[in-house]
């Protein structure tokens, strides 16, 4: 799309929003400050660099075999660098512990050190990115069905040590990059069939968490993530929403809300205002479940739009850490990355450009018809012309222009892997 047309459309959109009392420049400025935490595992289907075969276990599954998967640390980084040229704004990168720079050596999970991620820190500095981190309980010989809640003390101790070390790595990332790193703790622990000792397993998990969080790190934002169920662990999840919400509130941690970790009839957005009343910050994993936690590529659907609206309308953008979490191996992985990132940004821009002041006036006056009518009209306001202008300001492809860039990268790079 030509610059002249982008500018012309933006001016028309700016005037339209001004009629409703909305300043598009203010919205653009707010969106520019929104740093999404991009998930490195979209590039390689959550394989990591520990095992040559990259086999997954512990309720993790990436479906599809589209060619061009990143096979090593250099290819993962190259793919992320390419993605950064196709999305507006400055963003973070979230790493799992299995993505260490182990230089071909066998380093078990309870042995990882900040040195194994120093090259990531150096790379992040060069690419103007900040880093977040995740301990990794899945795809390991000691994963089984239970890790931090295992009856075997030796296995629990192994994963406790791993998680403490992961938090220490996150602290070093935050220190060197001068931005606190979010450390997210998610484990797959559960049972496929009926469980008769739920209290025991949750007691063991609580005890493990108490040991993990004994030490505080200055440069870390700690988060714990719940789940409804996992593949092969459908009947019982130790780390349920109620468990982690209680633990987070009691211990001053962030609760992570993953859009795919709740019942299909639940909407994640409705939980945000409740948590923010009792917690200074929360963490989000933006995903798209289809009937279950299938981590489809994020699109601009109602769930994502309502999520962004709740955050913006609660004036909580600085209190919510927004990360992405999906891994689709059935389509071009770089394209999947870009689609999801842009969809998330568009949802936030839409929320920023909603005439919320007038809507609140209608609601306070119990003018239900007027409120609903304006909400519906807001859906078709020319917000996309503002997003195109935002892309142009950031010198990245506008509208569908990124498609050809992804195709070119596939032809020149990923198809040769």
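The values are calculated or read from the model by the stated rules, or taken from the named source; none is laboratory data. In this text the structure is predicted, and so the values were computed from the model without any measurement. A quick note on method: Cβ atoms are made from the backbone with ideal geometry, for glycine too, and the neighbour counts reach across all protein chains shown.
Structure above, values below:
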{"item": "Number of positions in the range 313-331 that are free of Cβ contacts under 8 Å to residues at least 40 places away in the same chain and within 17 Å of the chain's Cα centre (by Cα)", "result": "1"}
{"item": "Pick from the range 226-243, criterion at pLDDT below 95 and part of a strand (DSSP E or B), ranking: nearest to residue 190 (Cα to Cα)", "result": "233"}
{"item": "Unmet criterion (only one of (1) surrounded by 15 or more Cβ atoms within 10 Å (Cβ to Cβ); (2) more than 18 Å from residue 36 (Cα to Cα)) for residue 364", "result": "(1)"}
{"item": "Qualifying residue in the range 82-104 (condition: over 28 Å from residue 335 (Cβ atoms), at pLDDT 95 or above and outside any loop (DSSP other than H, G, I, E, B))", "result": "no"}
{"item": "Test: residue in the range 299-312 that is touching a residue at least 12 places away in the same chain (Cβ under 8 Å), in a loop (DSSP other than H, G, I, E, B), farther than 21 Å from residue 343 by Cα and touching a strand residue (DSSP E or B) at 6+ places or on another chain (Cβ under 7 Å)", "result": "no"}
{"item": "Residue count for the range 174-207, restricted to those that are assigned to a loop (DSSP other than H, G, I, E, B), within 15 Å of residue 164 (Cα to Cα) and touching a helix residue (DSSP H, G or I) at 6+ places or on another chain (Cβ under 9 Å)", "result": "1"}
{"item": "Count of residues meeting criterion [surrounded by fewer than 24 Cβ atoms within 10 Å (Cβ to Cβ), touching a residue at least 12 places away in the same chain (Cβ under 8 Å) and within 12 Å of residue 110 (Cα to Cα)] in the range 125-161", "result": "7"}
{"item": "Considering residues of the range 1-54 that are without any contact (Cβ under 8 Å) to a residue 12 or more places away in the chain and part of a loop (DSSP other than H, G, I, E, B) only, the residue nearest to residue 359 (Cα to Cα)", "result": "23"}
